[in-house]
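In what follows, a single structure is set out as structure tokens and then discussed.
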Amino acid sequence: MAPILEVKGVDAGYGKLQILFNVSMEVEPKDIFVIVGPNGSGKSTLLKTIFGLTRIYKGSIRFNGEEITGKPPHDIAKTGIAYLPQTDNVFAQLTVAENLKMAAYTLPPDLAQERISEVLERFPLLKARLKDKAMTLSGGQRQILAMAMSLIRKPKLMLFDEPTAALAPKLAAEILDEIIKLRDELGITIILVEQNAKKALQMGDKALLLVGGRVMYRGGAKELLEHPELGALYLGLKK
Amino acid sequence: MVLNVQLFLDTMAYASVLGLLSMSLTLTYIVSRVPNFAHATFAAIGSYMVLIVVWLLGIYKTGPSWGVYYASLPLSFIVVGAVALLQYLIVLRPLAKKGISIDGLMIATLGIDIILVGLLNISADFLEEIFQQSPDKDLRKLVTYPRSGYLSSYEPTIMGVTASSILGPLLLVVSTVGFYLFLTRTKFGTAMRAAIENPQLAETLGINVNLVYSISWFIAGGLAGIAGVIMVMTTKLNPTMGWLLIVSVFAGSIVGGLGSLFWGAVGGLLIGFLEQFGVYYTQIILGALTGETVSLGNYRQVFSLGAIVVMLLVAPQGLASLNWGKILSRLGLRR
Amino acid sequence: MPIELDIGTLAQSLAYFIAAYTIVTLSLNLEAGFTGIPNFGKHLFVAAGAFVVASIGNRLSAYIVSVLYKDEILKLIQEDPLLSKRITEADIGSLWSMYADPLGNRDLDRIMDKFFAQHPELGILLFILILILAVAIGGLLGLLISYPALRLRGEYLAILLLAAAEMVVMAIGYYWKPLVGGTTGLFLPRYLAVFGQKVILGVTVLLILAAVAMYLYAQRIANSPAGRMMRAVRDDELAAASLGKDIAKVRRDVIIISSAMAALAGALIAIHTGSVVSTHYQRFSWTFIPWAMMIVGGVANNSGVVVGVAIIMILQKFVDIVKPMLAPVVPFDPVWLYQIGLGLVIILMLYMRPQGIIPEKPSRTVNFEEIFEDVLEDKVEDEQAKKMIREGRATP
């Protein structure tokens, strides 16, 4: 099967400050693709680069065969990619209902209403809190709201940037389960950046190990988990 | 002491002007995160629109007329709204994009203020020239107006009360309620709040953040413009009339906390009353002490300055940040 | 149309303005450039110096003269055909208050000038005393504002200082006669009668000397360990928090010193002009123009300040010369074009060259990390990315 996302030899960074060096990756449809690496290795920057939030100096990114290199984020969003940043991924001052309405901003009113009902079916806990401001939600609930907001646009590819950061272990597991369900039930391709490398590699199909902005490993997730040295060297996994 | 009714009515006009200005200043601050030092001069431009209307519609001949308001309110809204929009699009947005520090942005707004006052001075020179050269005897009488005109003589009265005392509060209430409904009940209003809170996220959702900010600046300028129309009925027309007024406007915004439009309006109103009544009662007290007539109207901004100092020291986040439930229950007003 | 140019007068006036603005802009640069304190009320501190000279100076000098030289001053008054009818021997006791009142000031000024012409040594003494008073009161004012300045966020402080300055200069200074004579202002005695006919030149030379001294002083502060610390703190709030109290003390000292400098300039300007009217100390002249000079010349660079001052002042003189030629052509006063032009200059400068003509020199103790941090601050907007780069291995 043709890959849904192709990143080829990308150099990227912020202004003149290069952070990614010659990064390449291929993501198969309906895979959970995990990006791991030590702190500051450029994992989040890679996600942002795919979503057009950094400067790309070299290389190309193709989504569904379409060139998206250098496009602005709102255009990339239209092609069917959703990006969930680690923080500030919902409007804290707006109610849950208003957040969802904003997620459906560009859709015609009827369709917007329909999609909002759909995601509320999927996440019943949001239904009970429609009138509450997002700032009153717990961290986990906020992640769910952010996910619901992305789903309204029926994305084909979702980019998650450390969705479990600062969550209690039990909540973190629940969020990761929801992510697996998105793939299993809706057939959405997932790219996941995770601090908890072990957990992420267990649920992932393919993985990329990024160190100092360079690719150190590309291949099966389970194989990286069982790799004799890489895990211990860079991910703090026990041998 | 008995409340002075006429003073109260006069104050209504002035306090609503400050309410409108503090509210609109707060709007630009929320959007661009820079205190706009040119904001009171925005109002001065609105004031000049009244003189132009009085001249062009021939109101200087016919005397007091509602035409003053019919024509100058929309005119000021559009002209000053456009000035504010240009300030955002040509100056503040490009500078902010370049990463200029807040000090740099503030001095840029001070520069805009100088430019606007310069343009008002040029206009005043022009108008003086036109009035002086006019064959129309009545128009020649207006020659001092561009630099020191009292335009209140052209405004109508309602049952003996000057229109500005009623129109001012009315405009403040209408714009505050209108804003509230717009921001909470309409999709674009909600998008405006979203874009202000988190522009990056809003952008990824397809909200045109730049459009939202541009419209905010236009509305803020427009409100400052209509504030200027009311303002000129309470004071003397002059190109630099905004220079002292900005003290009161900032005082209102700071009392409101520079974070909420509603509280900005409340802050401005409170400052208006504080200044007027502060001056009034201080005059009475000092008069009684010294046995002479004391006139302190020129020093009204002392109360504003005091309010800024006290507010920044006691509650730097403004009245909006206070726990009103707790305060009311302490006072025994609410259980 | 031929323009008559008196090069000598022009050069002298240019030198005076450059010297006065150099002192004020250097003091602004110490606060805003080096320390990050956005003083938008600089005109308050310049006005303070001038107001001390007019308000306290006039009363003090008239009082001293009326007590120590009662007979002499009385004789001078009686010789004056106008004043001899209005002021009698009994009034000598209230000479000090008459001289600070706009009604009595004008006439008495003639007498005071004559008196100091006869007693130049007393004039010099009073001049020095009043200068010290102005500087001291300026410093006290600095101490007063250092209290909010160390506690408030930049934009709140800017608002507060601007509001206070507008209040004092535009309202109290302009309307309250006992301060500096209200709308009409006050004349000052000719303290420096020692210079004879060349008194303006004399004061100009004094101002130039003061400007040179202030430049050397500002350079010393900038290159001292404290100065380097100030810049480090300005650029990194985290470091400011960790350095704590020391920094607060240095910042307070900077505010006091800068305020005293501005007051010194204000006092000398007043004595040069020979009179004080509050409208001379407006926001445009003594806050906006110094900011424009600093931004044009170079923020946090004393030599840059001097260059900026010179450029803007030469520009102003140029406008002064062109003005009479322009006046018949345009139907308005060309001075407004100068104001508008300055507003545009500052905005364009911020856009095209925010570091100024002469950018800030890297600190002499600079190390790689500092440069790295600067680049990072400059180029990367995202906080998270910054953190990542700091910890990580990415190379700039």
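The values are calculated or read from the model by the stated rules, or taken from the named source; none is laboratory data. None of the values given here were measured: they were computed from a predicted structure. So basically every Cβ, Gly included, is an ideal-geometry build from the backbone, and we count neighbours across all protein chains shown.
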Residue check: is C:A222 under 22 Å from C:V307 (Cα atoms) and either out of contact with any strand residue (DSSP E or B) (no Cβ under 6 Å at 6 or more places or on another chain) or not polar (S, T, N, Q) (or both)?
yes
Considering every residue within the stretch C:212-235, establish whether at least one is among the small types (G, A, S) and at positive phi.
no
Restricting the search to the stretch B:231-258, which residues are more than 14 Å from every other protein chain (Cβ to nearest Cβ) and closer than 10 Å to B:L21 by Cβ?
B:M231
On the given criteria, is C:V203 assigned to a helix (DSSP H, G or I), more than 10 Å from chain B (Cβ to nearest Cβ), in contact with a Leu (Cβ under 9 Å, 6 or more places away or on another chain) and not hydroxyl-bearing (S, T, Y)?
yes
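This table checks each residue for (1) in contact with a Pro (Cβ under 7 Å, 6 or more places away or on another chain); (2) under 26 Å from B:R300 (Cα atoms); (3) more than 14 Å from chain B (Cβ to nearest Cβ); (4) not acidic (D, E).
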{"position": "C:W96", "(1), (2), (3), (4)": "no, no, yes, yes"}
{"position": "C:D101", "(1), (2), (3), (4)": "no, yes, yes, no"}
{"position": "C:P120", "(1), (2), (3), (4)": "no, no, yes, yes"}
{"position": "C:L125", "(1), (2), (3), (4)": "no, no, yes, yes"}
{"position": "C:A136", "(1), (2), (3), (4)": "no, no, yes, yes"}
{"position": "C:A158", "(1), (2), (3), (4)": "yes, yes, no, yes"}
{"position": "C:I172", "(1), (2), (3), (4)": "no, yes, no, yes"}
{"position": "C:L188", "(1), (2), (3), (4)": "no, no, yes, yes"}
{"position": "C:K198", "(1), (2), (3), (4)": "no, no, yes, yes"}
Looking at the stretch C:286-300, I want the residues that are assigned to a loop (DSSP other than H, G, I, E, B) and have a partner that is crowded, with 24+ Cβ neighbours inside 10 Å with Cβ atoms under 6 Å, at least 6 apart or on another chain. Which pairs are those?
C:G298/C:G304; C:V299/C:G33; C:A300/C:G33; C:A300/C:F34
Among B:I285, B:I308, which is the only one that is in a helix (DSSP H, G or I) and either of a type outside the set (V, I, T) or over 30 Å from C:A158 (Cβ atoms) (or both)?
B:I285
Out of the residues in the stretch B:298-335 that are loosely packed, with under 11 Cβ neighbours inside 10 Å and small (G, A, S), which is farthest from B:I271 (Cα to Cα)?
B:G332
Please enumerate the residues belonging to the stretch C:282-327 that are under 17 Å from the mean Cα position of the chain (by Cα) and more than 21 Å from C:S258 (Cα to Cα).
C:I312, C:M313
Which of the helices (runs of 4 or more DSSP H) found entirely inside the stretch B:48-132 contain at least 1 residues meeting this: modelled with pLDDT of 95 or more and over 24 Å from C:P354 (Cα atoms)?
B:67-86
Criterion first (away from every other protein chain (no Cβ under 11 Å), crowded, with 16+ Cβ neighbours inside 10 Å and modelled with pLDDT of 85 or more) does C:I340 satisfy it?
no
Out of C:I92, C:I124, C:I132, C:I145, sole residue that is at pLDDT below 90 and either not in a helix (DSSP H, G or I) or not small (G, A, S) (or both)
C:I92
Residue in the stretch A:118-147 that is surrounded by the most Cβ atoms within 10 Å (Cβ to Cβ), counting only those that are assigned to a helix (DSSP H, G or I) and polar (S, T, N, Q):
A:Q143
Suppose we filter the stretch A:1-15 for residues that are surrounded by fewer than 20 Cβ atoms within 10 Å (Cβ to Cβ) and either in contact with a helix residue (DSSP H, G or I) (Cβ under 6 Å, 6 or more places away or on another chain) or aromatic (F, W, Y) (or both); how many remain?
1
If B:L110 passes every condition in (1) more than 14 Å from chain C (Cβ to nearest Cβ); (2) farther than 19 Å from B:N210 by Cα but one, which one does it miss?
(1)
Given the conditions (1) in contact with a Gly (Cβ under 7 Å, 6 or more places away or on another chain); (2) without any contact (Cβ under 8 Å) to a residue 24 or more places away in the chain, report the number of the one that B:V266 does not fulfil.
(2)
Looking for something within 13 Å of another protein chain (Cβ to nearest Cβ), over 23 Å from the mean Cα position of the chain (by Cα), more than 22 Å from B:K236 (Cα to Cα) and charged (D, E, K, R) - is there at least one such residue anywhere in the stretch B:129-140?
no
Of the residues in the stretch B:5-41, those that are in contact (Cβ under 8 Å) with a residue 24 or more places away in the chain and of a type in the set (S, T, N, Q) come to B:T11, B:S16, B:S22, B:S24, B:T26, B:T28, B:S32, B:N36, B:T41
Subset of the stretch B:239-282 (residues that are assigned to a loop (DSSP other than H, G, I, E, B), of a type outside the set (A, V, I, L, M) and modelled with pLDDT under 95)
B:T240, B:G257, B:G259, B:S260
For residues that are in contact with a Ser or Thr (Cβ under 8 Å, 6 or more places away or on another chain) and hydrophobic (A, V, I, L, M, F, W, C), tally how many sit in the stretch A:125-164.
4
Residues in the stretch C:22-40 that are within 11 Å of chain B (Cβ to nearest Cβ) and part of a loop (DSSP other than H, G, I, E, B): how many?
5
Would you list the helices (runs of 4 or more DSSP H) that sit entirely within the stretch B:147-234 and hold 2 or more residues that are touching a Gly at 6+ places or on another chain (Cβ under 9 Å)?
B:163-185, B:209-231
Of the candidates B:L245, B:L205, B:L211, B:L201, the one satisfying the condition of being surrounded by 22 or more Cβ atoms within 10 Å (Cβ to Cβ) and over 25 Å from A:D132 (Cβ atoms) is B:L245
